[in-house]
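The block underneath contains the structure these notes are about, expressed in C-alpha cells.
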Amino acid sequence: MELVVLETVTNAPTRVVAGDAKLAGVALTPASTFKMVIAWSAFEAGVANPSSSFRVTDAHVPGAPRALTLADAMFYSSNDAFVELVGRLPKGRLEEDLARSGFAGGPPPKDWLKRGKSEVAHGGSLRVTPRQEHAFILRLMRGELASSAAVHAQLLECLAWPSQDSRIKLYGKTGGMDGVRWFNGFGVEGKVSRAVTVLLRGDDATRADVVAAFYARFGLPPPKLP
C-alpha cells in the first residue's frame, strides 16, 4: 500500500509529512471527494442547502432505501443524492464552477461523463493529483472558495466530522475507487487551521485506514464508521 500525506498549517508552506513525495504529483480519480465540488456549486446556485432531502437506494448506505439530508448524504457518500443534486443545477453550471474552483486545474473535457451521468458523483473521467486536491481544500478552508459567508457556512455544515476534542473542529470528505482512498479535509483549533490531504493507493487500502491517517494528524482517535 502506497501513502502520501500533505499538510499546511494556517499560512505556513505545504509539506509532505508522510509517505512518498512523488505520489503527490500522480493524477488519480478524485472518487467521492468530487462531491465537495457538487455541493459547493449547488449552494452557489441556491438549489439546495444542507437540510435538503433526498431519497436514496445506495447499497452502502445503512437502512437504504431511505431519506437523507444533504449533510448526511455527504457523510455516507450517497451517489444517488449527488446525481440528483447535479440534475437540479442549470445546464453547464457544474462545469463552469468546476473550472473556476481549480479542483482539476481547469474545465473538464467534453467527454468527462461519457459513461453516463451517474459517473458525475465521483468526477467521471477527471484525474487530479494530491497536490491539486490539497490546493482545493486550502481554498475552502481559508474561505476563498465560497462567494459568501452563508455559502461557506453551508459547506462546513456538510463537511463536519466528529471530534472527541471539543476544541478541534474537523471537516472533510473521503473517497474510494479503483484502489485509491482519499481523505481531504482540515481541522480548526482556535486561530490555528490545519489542512490535511491523505492518499492511500493499493487494493488493500480501506476507508478506515484513510480516516485513521487523517485523524492521527490531529492526535485524535478515529470515529466508529457506519
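The values are calculated or read from the model by the stated rules, or taken from the named source; none is laboratory data. Quick caveat, the model's predicted, so the values are computed rather than measured. Glycine also receives a Cβ, built like all others from the backbone with ideal geometry; neighbour counts cover every protein chain displayed.
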Subset of region 150-170 [free of Cβ contacts under 8 Å to residues at least 24 places away in the same chain, in contact with a strand residue (DSSP E or B) (Cβ under 7 Å, 6 or more places away or on another chain) and within 16 Å of ALA71 (Cβ to Cβ)]: LEU156, LYS169
Condition met for THR14 (of a type in the set (S, T, N, Q) and either loosely packed, with under 15 Cβ neighbours inside 10 Å or over 16 Å from VAL128 (Cβ atoms) (or both)): no
Residues satisfying the stated conditions in region 193-226, i.e. crowded, with 19+ Cβ neighbours inside 10 Å and either of a type in the set (Phe, Trp, Tyr) or in contact with a Cys (Cβ under 6 Å, 6 or more places away or on another chain) (or both): PHE214, TYR215
Filter result for SER41 (at pLDDT 95 or above, among the hydroxyl-bearing types (Ser, Thr, Tyr), farther than 27 Å from LEU3 by Cα and surrounded by 13 or more Cβ atoms within 10 Å (Cβ to Cβ)): yes
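Taking region 140-149 as the search range and keeping residues that are touching a residue at least 40 places away in the same chain (Cβ under 8 Å) and small (Gly, Ala, Ser), which one is surrounded by the fewest Cβ atoms within 10 Å (Cβ to Cβ)?
Going through the qualifying residues, I end up with SER147.
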Residue list for region 87-146, filter: in contact with a helix residue (DSSP H, G or I) (Cβ under 7 Å, 6 or more places away or on another chain) and at positive phi: GLY102, GLY105, GLY106, GLY123, GLY143
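Residues are listed down the side, and each one gets a yes or a no for (1) within 21 Å of ALA208 (Cβ to Cβ); (2) under 18 Å from the mean Cα position of the chain (by Cα):
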site	(1), (2)
THR10	no, no
THR14	no, no
LYS35	yes, yes
PHE43	no, yes
ASN49	no, yes
ARG66	no, no
ASP72	yes, yes
GLU96	no, no
ALA104	no, yes
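Examine region 170-187 for a residue that is more than 16 Å from the chain's Cα centre (by Cα), more than 21 Å from ASP72 (Cβ to Cβ) and among the β-branched types (Val, Ile, Thr), and state whether such a residue exists.
Just the residues of region 170-187 that are more than 16 Å from the chain's Cα centre (by Cα), to begin with: 178-179.
Cutting the leftovers down to more than 21 Å from ASP72 (Cβ to Cβ) gives us 178-179.
Of the ones still in play, those that are also among the β-branched types (Val, Ile, Thr) are none.
The answer is no; no qualifying residue exists.
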Those residues of region 199-208 which are touching a residue at least 40 places away in the same chain (Cβ under 8 Å) and under 18 Å from the mean Cα position of the chain (by Cα), in sequence order: LEU199, LEU200, ARG201, ALA205
Inter-residue pairs, beta-carbon under 6 Å, first modelled with pLDDT under 95 and in region 127-139, second not in a helix (DSSP H, G or I), 6+ apart: none
Failed condition for GLU189, given (1) free of Cβ contacts under 8 Å to residues at least 40 places away in the same chain; (2) within 20 Å of PHE43 (Cα to Cα); (3) of a type in the set (Asp, Glu): (2)
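Residues that are basic (Lys, Arg) and within 23 Å of ALA153 (Cα to Cα): find the helices (runs of 4 or more DSSP H) completely inside region 19-108 holding 2 or more of those. Walk me through it before giving the result.
On the way: elements: 35-45, 70-76, 79-88, 93-101.
Passing ranges, in order: 93-101.
On the basis of being in contact with a Phe, Trp or Tyr (Cβ under 6 Å, 6 or more places away or on another chain) and either surrounded by 20 or more Cβ atoms within 10 Å (Cβ to Cβ) or under 22 Å from ALA160 (Cβ atoms) (or both), does ALA73 make the cut?
Working: in contact with a Phe, Trp or Tyr (Cβ under 6 Å, 6 or more places away or on another chain): yes; either surrounded by 20 or more Cβ atoms within 10 Å (Cβ to Cβ) or under 22 Å from ALA160 (Cβ atoms) (or both): yes.
For ALA73, the condition - in contact with a Phe, Trp or Tyr (Cβ under 6 Å, 6 or more places away or on another chain) and either surrounded by 20 or more Cβ atoms within 10 Å (Cβ to Cβ) or under 22 Å from ALA160 (Cβ atoms) (or both) - is met.
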Condition check for ALA81: of a type outside the set (Phe, Trp, Tyr), surrounded by fewer than 18 Cβ atoms within 10 Å (Cβ to Cβ) and farther than 17 Å from GLY172 by Cβ: no
Considering residues of region 158-192 that are surrounded by fewer than 18 Cβ atoms within 10 Å (Cβ to Cβ) and touching a Ser or Thr at 6+ places or on another chain (Cβ under 9 Å) only, the residue farthest from LEU140 (Cα to Cα): ASP178
